[in-house]
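Single-structure report; data block below.
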Amino acid sequence: MHSRVSNHEASNKQIGCKGELRQIKKKKNNKSEARDHQSKKKEFKSLIEENGKLEELIECLIAGYRQVPAADLQKQEISVDLSYSHPHFDFKLDGIELDDLRDDLVPKKVTNPENSLIIQPNAVTEFLLKIDEDVASNVDFSDFMICFNGEQKAIGRYSFPISLVPTVERIMNAYGDVSASSPMNTNITGKIYLLFCATIKEMEDLELHQVTQTKMLKWRDAIKDALRVNFKVEFAMSHLKKIARAYFGGIGEQVLRTINEKLNSLHKERAEALEGFKDFLANAKDFDGQSVSTGLFS
């Protein structure tokens, strides 16, 4: 009988100890969760600030092609840095760590879904400089969705397919006879003129989301060929640079939309976390940086 009582008392003590341990763990967890919430709040604020910096950067790029005439890219380099650094946090939002969320919000690669391209941060500067490169031409009639055969119409010293005539006339009305300054025989410059006009026609036919880097380099070659035979087509090269900046500006707008959508989602998560911890935040602040005996003897 005495043995049964002793065992019963021992069992009660064990249960009591386990209950105390659970209470201690619960208090520690509450304190840890409250501190993690403060860390999450700082992280959210940091992401907002970084998004603002990125937004200013891309807005400058967009403004460059919308408002400023094309500049000499050999004198004016444009660089985009999409990489940022943040402290490490372990707080999880529905199973997602904030450190992972940071990498997701500010990607080191940007996908352009319309053209299935991956844009590296330094690709912007590199491609814009390519537009000015004086390289061997790699453009031909097959690069254009235009019929160069069939009925022709003579305009000045050259003959053009009917499909190009309206474009040629618009060029002449705006810039005059761009071929007049070339001393070369039309047998040599004829193909160059046709490819140049085909380039301008494609610019007329395509919208920004249909433009690709490959297409722009073909346009560059056609324009460079015309410049080499002394055609007065500098206006076309300036406009091509503007299109190139617009191309990356469009991608920049996609980046901002994606980040803003994820920040909105994070803001919602923050509001939910605040609602869950609001009754404990003040208690956590009382012990911040102090022992948990604070207030016990006062």
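Only the coordinates and a few stated rules stand behind these numbers; no lab work does. Bear in mind that the values here come from a model prediction, so they are computed numbers and not experimental data. Neighbour counts are summed over all protein chains in view; Cβ atoms, including those assigned to glycine, are modelled from backbone coordinates with ideal geometry.
Modelled this way, with points 7 Å down the Cα-to-C-beta line, the labels at Asp286 and Glu49 are 3.1 nm from one another. Across all directions, the average projected area of the convex hull around the alpha carbons of the range 134-250 is 7.1 nm². For the range 141-166, backbone nitrogen atoms closer than 19 Å to the point 7 Å from Ile188 Cα along Cα-to-C-beta are found at 157-159. Spin-label model, Glu234/Gln38: points 7 Å from Cα along the beta carbon direction are separated by 6.3 nm.
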